[in-house]
Amino acid sequence: MLFTTLPLLILHNFITNYIYVVTPVTFGASVGDIYYGLITILLFIYGQVPYIRFLYAEYKGGEASFRDAIYHFLVNGFTVFVFACIVSILTSIGFILLILPGILFLSILFPIPYVAIFEEKSVWKSWKDGWNIGKRHFWKIAILLTLTGLLEFLLCIYVTVQLFNITPSYAAQIITQIVINIIIYPFIVFLMTAFTIKWREALTILSVEEERGKNAEPLSS
């Protein structure tokens, strides 16, 4: 959290605040909101890499080392970063178009980086399995992302309101929100990783059974 999530949150805060300063306000809404959503989704997807790798290594019975997680974050995570840029743009456009298309894009494409980290491949080589998982479990992913995001949003609002009763300091508000994100974010990623592992294994078993069925047909005939 200190070596990956915290720097990304600080970077996110710096960039988004700068964007809000330089972008105009149109019809009561800031154009910066679009960029805020885009950058949030981008860093959210990219920041998952070390947590996914750490939990998957633990699941496989190997050594869940800090060094291995950071290595995948810095090296193998590059393709995930490029992928996150593409997904964040598509999702932001989708949210502009009445929200639902954004949820559709994000939910279907969301498992692809997980499969890539599991298999230690680029996202482009893991695209098919990740797409199949996202398509098969679309509603589950959409509900999980929506509920966890809503929980974090409501918690941040509640804490911010309580904090305003103590101090109007902007720095205190930012630090508090960063702390909340640092606590909740790993939980969301671990939860999604656990579900994706389960879904991927079920998909693998289904693929094997279908392959056996195809091979058995000529024999039965």
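Please give the per residue accessible area of the chain, computed with a probe of 1.4 Å over protein heavy atoms only, in Å².
Working: 13150 Å² over 221 residues.
Value for the chain: 59 Å² per residue.
Take peptides 81-90, 65-74, 111-120, 157-166 and line them up by average Cβ neighbours within 10 Å, highest first, as a rough protection proxy.
So the order, starting with the most tightly packed, is 111-120, 81-90, 65-74, 157-166.
For the residue pair Met1 and Tyr59, what label-to-label distance in nm results when each label sits 7 Å from Cα along the Cα-to-beta-carbon direction?
Using points 7 Å along Cα→Cβ, the separation is 2.2 nm.
Ordered by residue, what ³J(HN,Hα) values in Hz, to whole numbers, does segment 138-146 give under the Karplus form 6.51 cos²θ - 1.76 cosθ + 1.60, where θ = phi - 60° and Gly and Pro are x?
After applying 6.51 cos²θ - 1.76 cosθ + 1.60, I find 3, 5, 5, 5, 4, 5, 4, 5, 5 Hz.
Cα atoms only: what Rg and Dmax, in Å, come out for the chain?
19.8, 79
For labels at Asn165 and Phe153 in the simple 7 Å Cα→Cβ model, what's the distance in nm?
Result: 2.4 nm between the two label points.
Rg and Dmax of segment 64-187, Cα atoms, in Å?
Rg then Dmax for segment 64-187, in Å: 17.3, 51.
The values are calculated or read from the model by the stated rules, or taken from the named source; none is laboratory data. Note that this is a predicted model, so its numbers are computed, not measured. Virtual Cβ from ideal backbone geometry, glycine too; neighbours counted across all protein chains shown. Surface accessibility is based on the protein's heavy atoms, side chains included, excluding ligands, DNA and RNA. Shrake-Rupley method; radii C 1.70, N 1.55, O 1.52, S 1.80 Å.
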